[in-house]
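The values are calculated or read from the model by the stated rules, or taken from the named source; none is laboratory data. In this text, all values refer to a predicted model and were calculated from it rather than measured experimentally. Every residue, glycine among them, receives a Cβ derived from its backbone with ideal geometry; neighbour counts consider all protein chains shown.
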Amino acid sequence: MLLRTILILLALILTAPVAGPSQALAQQSASGLPLPRFVSLRAEEVNLRTGPGVRYPIEWVITKRELPVEIIAEFETWRKIRDSQGTDGWVHQTMLTGRRTLMVLGPGVKKLRRTDSDAAAPLVNVEPGVIGRLLQCPRNSEFCRVEVEGYQGWFRREEFWGVYKGEYIE
């Protein structure tokens with residue numbers, strides 16, 4: 001009986017699928033926080049690596065502090081991030097901050113509004129690529145309150161990158 005149990009366990013072990021890093025990443029979050037989620041870059045210069053560790057080569061160097069990025073996977077202290085253009089790679093968690101920021105999307109200049117209405121008077125025109133702080137995205141609203149270059153106002157959600165559709169921030 002004992003021999004039969006050992007043989008069954010051995011057969012199960014040998015036929016069990018081996019979970020590689022990508023399978024493990026898809027099933028768990030090292031931090032316990034939801035995936036995906038938005039964060040921003042803490043440093044002026046951040047190395048984007050091909051894998052989770054310093055032994056992996058640097059593929060890109062991002063030189064935009066406070067750039068909003070999306071964490072799409074985690075492995076120990078490493079985070080796989082994606083930017084607004086879809087470029088992705090691995091960075092150490094110390095290079096990221098939970099501060100929510102936004103990047104104005106193009107084409108064309110966007111109007112930062114005084115209130116959360118399309119009819120609201122503009123405060124200032126903002127060029128694509130400008131980074132600002134995300135302050136509030138009320139429930140069931142197409143607008144978010146933001147701060148850009150010292151001005152506080154409202155953008156439509158589709159005018160910037162850094163918040164999910166239907167996400168609210170109080």
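At-a-glance table
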read-out: Per-region count, the range 133-159, residues of a type in the set (Phe, Trp, Tyr) and either farther than 10 Å from residue 112 by Cβ or modelled with pLDDT under 95 (or both); value: 1
read-out: Residues satisfying the stated conditions in the range 40-56, i.e. of a type outside the set (Lys, Arg) and crowded, with 19+ Cβ neighbours inside 10 Å; value: 40, 41, 46, 48, 52
read-out: Some residue of the range 144-167 being part of a loop (DSSP other than H, G, I, E, B) and buried (at least 18 other Cβ atoms within 10 Å of the Cβ); value: yes
read-out: Test set (1) touching a Lys or Arg at 6+ places or on another chain (Cβ under 8 Å); (2) within 29 Å of residue 107 (Cβ to Cβ); (3) not β-branched (Val, Ile, Thr) - residue 52 fails condition number; value: (2)
read-out: Members of the range 57-108 that are surrounded by 15 or more Cβ atoms within 10 Å (Cβ to Cβ) and part of a loop (DSSP other than H, G, I, E, B); value: 64, 65, 66, 67, 83, 84, 100, 105
